[in-house]
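Below: one structure, written as structure tokens.
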Amino acid sequence: MQPENNLSVEFILETRGLTKEFKGFVAVNQVDLKVQRGHIHALIGPNGAGKTTFFNLLTKFLHPTKGTITFNGIDITTEKPAQTARRGIVRSFQISAVFPHMSVLENVRAALQRNMGNSFHFWKPESTLLHLHERAHQLLTEVDLQDFANELAVNLPYGRKRALELATTLALEPELMLLDEPTQGMGHEDVDRVTQLIKKVSAGRTILMVEHNMNVVSSIADRITVLQRGAIIADGPYAEVSRNPLVIEAYMGTVDTTLQGAH
């Protein structure tokens with residue numbers, strides 16, 4: 001029996017046999033992934049494992065060689081990037097996505113305008129945009145940037161820039177957030193702050209994240225999928241995955257060590 005609405009679909013995202021080949025090289029190999037609604041799901045693996053290619057398939061910047069992608073029970077495999085984004089799949093983080101010489105508040109407001117379909121109305125007087133200020137301030141509070149609203153984005157410390165990217169992503173009202181290495185290049189303090197922000201904003205949302213830092217993954221991920229050479233070698237909670245000999249070998253080159261604290 002078909003569910004009455006999308007919210008009753010347990011898995012918000014599902015891929016079946018998802019494969020991407022580049023001139024004989026298989027970057028993503030028969031990946032069957034299920035992301036449960038409301039979960040923080042981490043995708044991990046050594047460099048070259050196929051994680052970024054997989055994200056590019058989900059956001060339609062690449063077309064699969066074969067396999068299917070289902071979102072909220074609907075096959076979206078052949079959709080264009082804009083169609084998929086409108087469904088609520090929003091990717092963030094790998095490249096800085098802020099306007100450096102606009103204020104923090106203006107960056108979030110621009111993202112809100114984009115979501116409303118009037119992103120090209122910058123010629124309108126600022127007074128007509130005041131109705132967006134309240135929501136922009138709410139989003140800044142959600143990522144602990146309320147005290148930085150009037151600061152130019154270019155002047156923000158690195159970790160705070162990442163928080164601003166999170167706010168602009170939230171402005172697009174994603175149902176599924178794809179976070180691409182959210183703590184990459186950060187010092188310990190920023191890693192901790194951004195990790196807690198991700199946990200905070202995950203309430204009522206679903207997050208699929210690529211992340212190298214095992215401390216981050218172990219502290220906030222509900223489920224972990226491990227890729228190696230484009231294929232899944234393990235899937236489950238951190239405690240189970242971190243003890244898997246295939247995973248330990250993929251990361252450390254030997255089965256005599258553990259993933260605890262590995263980066």
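May I ask you to derive the relative contact order of the chain, considering only C-alpha pairs under 8 Å and at least 6 residues apart, and to give it as an integer percent?
25 percent
Please give the helix 104-116 orientation as an angle from the longest Cα principal axis of the chain, in degrees from 0 to 90, rounded to the nearest 10.
Computed tilt is about 80 degrees.
By how many degrees, 0 to 90 and rounded to 10, does the Cα axis of helix 158-171 deviate from the longest principal axis of the chain?
On a 0 to 90 degree scale, this one is about 80.
Pick out, in residue order, every one of the GluC sites (Glu not before Pro) in the stretch 141-222 that is DSSP loop and has at most 16 other C-beta atoms within 10 Å; say none if there are none.
For GluC sites (Glu not before Pro) across the stretch 141-222 that sit outside H, G, I, E and B with at most 16 neighbouring Cβ atoms in 10 Å, the list reads GLU151.
Would you mind checking the pairs LYS23/LYS161; LYS51/LYS161; LYS20/LYS80; LYS80/LYS200 and listing those with alpha carbons more than 27 angstrom apart?
On the way: LYS23/LYS161 38 Å; LYS51/LYS161 24 Å; LYS20/LYS80 17 Å; LYS80/LYS200 31 Å.
Flagged as over cut-off: LYS23/LYS161; LYS80/LYS200.
How much net charge surrounds ILE40 when only the other residues with a Cβ under 12 Å from the Cβ of ILE40 are counted, with Lys and Arg +1 and Asp and Glu -1?
+3
Compute the signed sum of charges (Lys and Arg +1, Asp and Glu -1) over the other residues within less than 12 Å, Cβ to Cβ, of MET177.
Charge balance near MET177 sits at -2.
Got a sec? Which residues in the stretch 154-179 would a label at SER103 touch, if it sits 7 Å along Cα→Cβ and we count backbone N under 15 Å?
Under cut-off, by backbone N: 154-156.
Would you mind getting me the FRET efficiency between GLU134 and ARG229? Use the beta-carbon distance for r and R0 = 51 Å, nearest 0.05.
E(calc), rounded to 0.05, equals 0.55.
Looking at the chain only, what percent of DSSP beta bridges run antiparallel? Nearest 5 please.
55 percent
Quick one: Kirkwood hydrodynamic radius for the chain, alpha-carbon pairs, angstrom, one decimal?
It is 19.4 Å.
Can you give the FRET efficiency for THR78 and GLN30, using 1/(1 + (r/R0)^6), R0 = 25 Å, r = Cβ-Cβ distance, to the nearest 0.05?
0.85
Which residues make up the longest stretch of the chain that has no chymotrypsin sites (Phe, Trp or Tyr not before Pro) in a DSSP loop with at most 13 other Cβ atoms within 10 Å? The partial results should precede the final answer.
Working: sites that count: PHE61, PHE120, PHE122, TRP123.
Between the exposed loop sites, the longest stretch runs 124-263.
Here, each number is a calculation from the coordinates, and none is a lab measurement. On a predicted model such as this, the values are computed, not experimentally measured, just so you know. Glycine also receives a Cβ, built like all others from the backbone with ideal geometry; neighbour counts cover every protein chain displayed.
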